Amino acid sequence: MIPFTSETLSNGLTILVNEDKSTPMAVCNMLYKLGAVNEDPEITGLAHLFEHLMFGGTKHVPDFDSVLQYAGGDNNAFTNNDVTNYYDILPAQNIETALWLEADRMQNLKLDAQSIKVQKDVVMEEFKETHLNQAYGDLDQLLRSLAYKIHPYRWSTIGLSLEQIQKVDRDICMDFRKRYYAPNNAILAISGNVNASEIFMMAEEHFGHIKASEIPAKDYPQESLQNEQRRTEKEDDVPHDVISVGFHMPSRLHDDYYTMDLISDILANGNSSRFKTKLVKQAHVFTELDAYIYGSIDPGLLIINGYPESSVSLNDAEQAIFEELDLLANTEIADRELQKVKNKALSSWMFINQNAKNKAFHLAYFEMLGNASLINTEEEKYREVVENDIQKAAKRYLRRTNSSVINYKAKK
Amino acid sequence: MNSEIPKVERISDIDIMTAISGKLSNGIPVYGFYKGEQKVMRMDFIFPAGKLFGNRVFEAVLASAVLREGSTKSSYEVIEEALDYHGAFMEHRIHHYWSKFSYYFPNEYAEELVQIAAEILKMPAIKKSSLDFLKVQVRQNIAVQLEKPSYLARQHMKRLIWGENHPLGYMPDIEKLEDITHTGLQQFHSQHYLQKSPVIILSGAFPDSVFKYLEQGFSDLNYYKSVVPDLEQKIAKPQLYRFKTKRVFQSALTLAKPVPGPGEKDYFDIKILNMILGGYFGSRLMKNIREDKGYTYGIYSQIVPSVAGSFMYINSEVGKDFSESAMNEIEKEMKHLQTELISRDELDMVKNYYSGELLSLFDGPYKHAGVLSSSLEFKLKMHYYKDFLRYMQGISPERIQETARKYLDFNKCIRVVVGA
């Protein structure tokens, strides 16, 4: 159970506080309800670039990091399809510095030409480092393009190309900021050795006067149901073949979400999982085989990635995967196996939430989904999944006609 | 809003938990950091079976991997199913001296987990077939890693620092995998896992009964002290070494230089100097090479302490046209620290930041366990960190400059560039 209290300011900023006296630190997590999904298809990668720009300084401070570091703190941020999330961790007695900094950059961010140029360069280096200069760096984008025809999940957070990032200018950034970086589009969550009522007072003092903005309504097309298999092949100078298969799955709040999460665990989480024991260790069809879900808010994907053993063809490897998926769909899972993946999921959840940083993020994230108290119903939702749910979901979602397959071939 | 930044409180001290400490009847040390509202715990088994040991390349690493492929009593599947069923996670880390197995699990399963851990660590099956498949996986993994300029840079650097024939200096030569046999690994296991004492560290909400289970599970091991092997190190001439790669978009840079290690003279000073140079986001290297020039997504310096010899490293991946310029800027920053005194403001910043980092280093029982396990090989007490905090808060700009003059000679660094 993660206890917390909450308040919402008149400008729409929601504040959540979890008091944790067992740590000397405090975490300030600012989540903005925007991600790659909100981008213009001609200017993808902007949400992520803007995340970088948020560190570029305001009219009050030359840069974000040095003020936080002076308070003994550290920070990080990430952007994904749905959110842009910033967290600051520092000695609890200095939490006000973090609040002040987040309020400052929410309203006073300096977006000058020099700052934009440098961050564009940095992001382009990041693009090269992670997507161009690495074997299989474009695998994620290839799969997205195949699985999503019109939904914005069809592009990676980093953006579709260096050229699009290059196009970004000051006007584009100012417009983006006006639309999305406002208190009513944000959630502030604090976890650590703090006092909730003091936090609410500080939040009112620093954020209270920031004006709300008119946030554009979500205006993008939903993907229609896929009803035939999609395939693509790529050949590149990589050391091994790789196969990647993506299946459409329901949204974060759908009942089947938890079932699909457990399915990905049954398949590949832990060394006793089906893929790892049967297809890797025993039959040596793959040297590595993984399954995971996007965890996205809109309907995401369940993805299977595998490195076939060098004497195994991509076709045979694919066959082996689908055989296992058919088995899951046609034979009811044993009680013990289902209990096993539940135990692991619950244990994992317990460990993750011992950490103030994760608690703060989860509070904000669940608030974005509708209510922060959903953080305390997660365990029950996993417990509720029964054997029959697994079979039904496997039948419904793990079909060939719902799959997108990438054959990533090594040039001989 | 108030346009004035809130006042900052300096960290004057860090609270370090005192470990519960005891011994099994055969002398194996057991330490414990108890804390926990949540009913979960961690158990670390730290064996002196790291990369320094063993007669062959890959031996120590493969030994630690093959341990997890089933015991003489139970198959791999049975053991892994038991671990997963009890909600347990296993992490393994291998360093120069230590090979550490960490188990995370709900504390209600302490008895089962100690039994499983004892079986894995004391009675591994080490079969030829398991080893053969492991080798396939290792070969595959190395082939992918060799594509990465940063990986190549690190491997070349290891060879230049330690020498080709030193266990830490070898290049990942896939042919050498063939020299490893399952009987050789059985011997390695017997010599380094069974005949030398591990250290056991518990953290989290561990029940009292776990000591009894550990006694049942591990008191039959012999307790012999381990000795650091005396190995010949062949360090290369400090200069620039260039290597080609087909990955053309970025080049990887790495620099290395020997520095004092924990407990040695000037260690505190070099740690602080390292922080200023490249230890955090606001460092000299980051401010110049990332924020000002945009050459890279990240550049850091770090000190890697080891009983085999401690080194300072600088690592970065830069746009392909920038490797020479980036090297020049690194040299400039080192010189700068030698020729100009750091300002009081910047030094205060570093002191505050570093204090926060130290506070975070001791944030919770698992972090304490981590600090203890990395202090063991240097025979340092954890309260050493309090001394460090005090020293750091009192250090002067003059002392920083002195340390830079003594240790930050760019031309004494081995420099590696891996690029097109």
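The values are calculated or read from the model by the stated rules, or taken from the named source; none is laboratory data. Quantities reported herein were computed from a predicted structural model and do not represent experimental measurements. Heads up, the Cβs are rebuilt from the backbone with ideal geometry, glycines too, and the neighbour counts pull from every protein chain shown. Keep in mind that these areas ignore ligands, DNA and RNA; they rest on the heavy atoms of the full protein, side chains included. Shrake-Rupley method; radii C 1.70, N 1.55, O 1.52, S 1.80 Å.
Taking a Cβ cut-off of under 10 Å around B:Tyr170, the surrounding Lys, Arg, Asp and Glu residues balance to a net charge of +3, with basic ones at +1 and acidic ones at -1.
Note on the stretch B:223-282: dipole from Cβ charges, positive end direction compared against B:Ser251, B:Pro262, B:Ser226; the farthest Cα belongs to B:Ser251. For peptide B:135-147, the mean count of partner chain Cβ atoms within 10 Å of a residue's Cβ comes to 4. Post the alpha-carbon centroid distance, the stretch B:163-177 to the stretch A:210-281, in whole angstrom. Each part's Cα centre sits 39 Å from the other's. When each of the peptides A:261-271, B:120-130, A:182-192 is scored by the mean number of other C-beta atoms lying within 10 Å of its residues, the order from highest to lowest reads A:182-192, A:261-271, B:120-130. Of all lysines in the structure, those lying under 16 Å Cα to Cα from B:Lys196, and not within fewer than 8 positions of it along the same chain, are B:Lys23, B:Lys51, B:Lys100, B:Lys122, B:Lys225.
Rounded to the nearest 20 debye, the dipole magnitude of the stretch A:79-122 is 220 debye, with +1 charges on Lys and Arg beta carbons, -1 on Asp and Glu beta carbons, and the Cα centre as origin.
Using only atoms on other chains, find how many Cβ atoms lie within 10 Å of each Cβ of peptide B:87-95 and report the average. Write out the running numbers ahead of the final one.
Numbers: counts 13, 4, 5, 2, 0, 0, 0, 0, 0.
Counting other chains' Cβ atoms within 10 Å and averaging over B:87-95 gives 3.
Defining a contact as two alpha carbons under 8 Å apart and six or more residues distant in sequence, what relative contact order in percent does chain B show? It would help to have the intermediate numbers written out before the result.
Numbers: 713 pairs, mean separation 94.5, N = 420.
Once divided by the residue count of chain B, the mean separation gives 22 percent.
Relative to the longest principal axis of the Cα atoms of chain B, the long axis of helix B:344-361 makes an angle of roughly 10 degrees. The angle separating the long axis of helix A:196-207 from the principal Cα axis of greatest extent in chain A is about 70 degrees. Using 20 Å as the cut-off for backbone N distance, which residues of the stretch A:61-79 belong to the label zone defined by a point 7 Å from the Cα of A:Lys110 along Cα→Cβ? The answer is A:61-71.
FRET efficiency for the B:Val228 to B:Ser21 pair, using the beta carbon distance and R₀ = 30 Å, is estimated at 0.85. Each of A:Val67, A:Leu49, A:Asn38 was placed along the dipole of the stretch A:1-94 (beta-carbon charges, centred on the mean Cα), and the one lying farthest toward the positive end is A:Val67.
With a Förster radius of 30 Å applied to the C-beta separation of A:Arg179 and A:Leu253, the computed FRET efficiency comes to 0.75. Peptides B:12-25, B:347-360 ranked from most to least packed, by the mean per-residue count of other Cβ atoms within 10 Å: B:347-360, B:12-25.
Could you give the size of the charge dipole of chain A about its Cα centre, using +1 on the Cβ of each K and R and -1 on the Cβ of each D and E, expressed in debye and rounded to the nearest 20? Walk me through the intermediate numbers first.
Working: 42 positive and 61 negative charges, 103 e Å.
In total the dipole reaches around 500 debye.
Specify the inter-centroid distance of the stretch A:120-157 and the stretch B:304-331, based on alpha-carbon positions, in whole Å. The stretch A:120-157 and the stretch B:304-331 have Cα centres separated by 28 Å. Residues within the reach of a label modelled at B:Ser325 (point 7 angstrom out along Cα to beta-carbon, backbone nitrogen below 20 Å), restricted to the stretch B:385-420, are B:416-420.
The mean number of partner chain beta-carbon atoms within 10 angstrom of a residue's beta-carbon across peptide A:48-60 is 1.
Charges on Cβ only, +1 for Lys and Arg, -1 for Asp and Glu, centred on the Cα centroid of chain A; of A:Pro183, A:His248, A:Gly12, which one is farthest towards the dipole's positive end? Value computed over the given set: A:His248.
Sort B:261-272, B:176-187, B:295-306, A:356-367 by the packing proxy (mean of other Cβ within 10 Å over each peptide's residues), most packed first. Don't jump to the answer; show the numbers that get you there.
Values: B:261-272: 17.8, B:176-187: 16.2, B:295-306: 20.1, A:356-367: 23.7.
With the highest mean Cβ count within 10 Å placed first, the list reads A:356-367, B:295-306, B:261-272, B:176-187.
Using a simple spin-label model with pseudo-atoms 7 Å out from Cα toward Cβ, B:Glu37 and B:Glu91 lie 2.2 nm apart.
For the stretch A:229-281, a simple Cβ point-charge model (Lys and Arg +1, Asp and Glu -1, everything else neutral) yields a dipole of about 260 debye relative to the Cα centre. Comparing Cα centroids, the stretch B:264-288 and the stretch B:344-420 end up 7 angstrom apart. Heavy-atom accessible surface of chain A, averaged per residue, reaches 38 Å², computed with a 1.4 Å probe.
Here the spin labels are modelled as points 7 Å beyond Cα on the Cα-Cβ line, and at B:Ser343 and A:Ser313 they lie 6.8 nm apart. Between A:Asp40 and B:Asp13, the FRET efficiency estimated from the beta carbon spacing at R0 = 51 angstrom works out to 0.50. Using only Cα atoms and rounding to the nearest 10 degrees, what angle (0 to 90) does helix A:335-352 make with the longest principal axis of chain A? Computed tilt is about 20 degrees.
Here's the list of lysines a cross-link from A:Lys411 could span, going by alpha-carbon distance under 30 Å and ignoring same-chain residues fewer than 8 apart: A:Lys128, A:Lys149, A:Lys234, A:Lys276, A:Lys278, A:Lys281, B:Lys135, B:Lys148, B:Lys176, B:Lys244, B:Lys246, B:Lys320.
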